[in-house]
């Protein structure tokens, strides 16, 4: 985690923060406050702390990741070398704002889904290099991050089925590693039932209309599979149309919008350099 954080800082600072170095003395001391400019769910506080500690800066906070914050909340108080604060504050703020935005958006949708017993999940539609942080933010917001990548869970998609066939693909992944859960993406009732009969763990109904989903789920229940397989809905589901998919009462709804559509939570930094 720290390695990635330092890479983010290196990307911004490069060889030197030339403006700060030219205008602020090496020995200058400063204090700073990070303040929320809107309500939300806080995320990225641990990462911000790691970065600040590495840069030799002191900080204190009354919050933790997952805390609900209000507009005007004092999130962090910093003190230390003025140059370090000035060169670190933008990266720190970017991490806090991005992760808090995702956590806030996820929390809102998960609260909407909770009465239906549905878990809101993320996807692999993440920012390159920032996936671990975005997935963590989803979890902080109460959602399920889903698989981290292509390496930690089987998800047989339409292209795999096109190449190997549904039955063969399921058999092959079981033979490859029987300890991992197997999820299959389908878009027809027939394929959904075939996958259930082969004992998959999770069935993803992809890009199906609510009417088709209801028909498929009724057939799955009719054949006695509903308690044996988790049902995930995915594809084209957004905050605007979420409610109509929740009514089908699947186990999971995965939404790329958790990361592609989350607005950054607005925050600001107030810095005061001590008099010499």
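The values are calculated or read from the model by the stated rules, or taken from the named source; none is laboratory data. Computed from a prediction, not measured in an experiment: that's the story for all the values here. Ideal geometry is used to build each Cβ from the backbone, glycine not excepted, and the neighbour counts take in all protein chains shown.
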- With the checklist (1) over 17 Å from residue 251 (Cβ atoms); (2) surrounded by 14 or more Cβ atoms within 10 Å (Cβ to Cβ) in hand, flag the one item residue 175 doesn't pass. (2)
- Name the residue, out of 105, 46, 63, that is in a loop (DSSP other than H, G, I, E, B) and either under 30 Å from residue 257 (Cβ atoms) or at pLDDT 95 or above (or both). 63
- Message: I'm told residue 101 meets every condition in (1) surrounded by 21 or more Cβ atoms within 10 Å (Cβ to Cβ); (2) over 17 Å from residue 131 (Cβ atoms) except one. Can you identify the failing condition by its number?
- Response: (2)
- Message: Name the single residue that is surrounded by the fewest Cβ atoms within 10 Å (Cβ to Cβ) among those in the stretch 203-213 being closer than 14 Å to residue 186 by Cα and without any contact (Cβ under 8 Å) to a residue 40 or more places away in the chain.
- Response: 209
- Those residues that are assigned to a helix (DSSP H, G or I), modelled with pLDDT under 95 and more than 20 Å from residue 208 (Cβ to Cβ), I need them from the stretch 113-164; list them, please. 163, 164
- Task: Taking the options 184, 200, name whichever one is part of a loop (DSSP other than H, G, I, E, B) and either surrounded by 15 or more Cβ atoms within 10 Å (Cβ to Cβ) or in contact with a strand residue (DSSP E or B) (Cβ under 8 Å, 6 or more places away or on another chain) (or both).
- Result: 200
- Task: May I ask you to list the residues in the stretch 104-138 that are crowded, with 19+ Cβ neighbours inside 10 Å, closer than 20 Å to residue 4 by Cβ and without any contact (Cβ under 8 Å) to a residue 40 or more places away in the chain?
- Result: 135
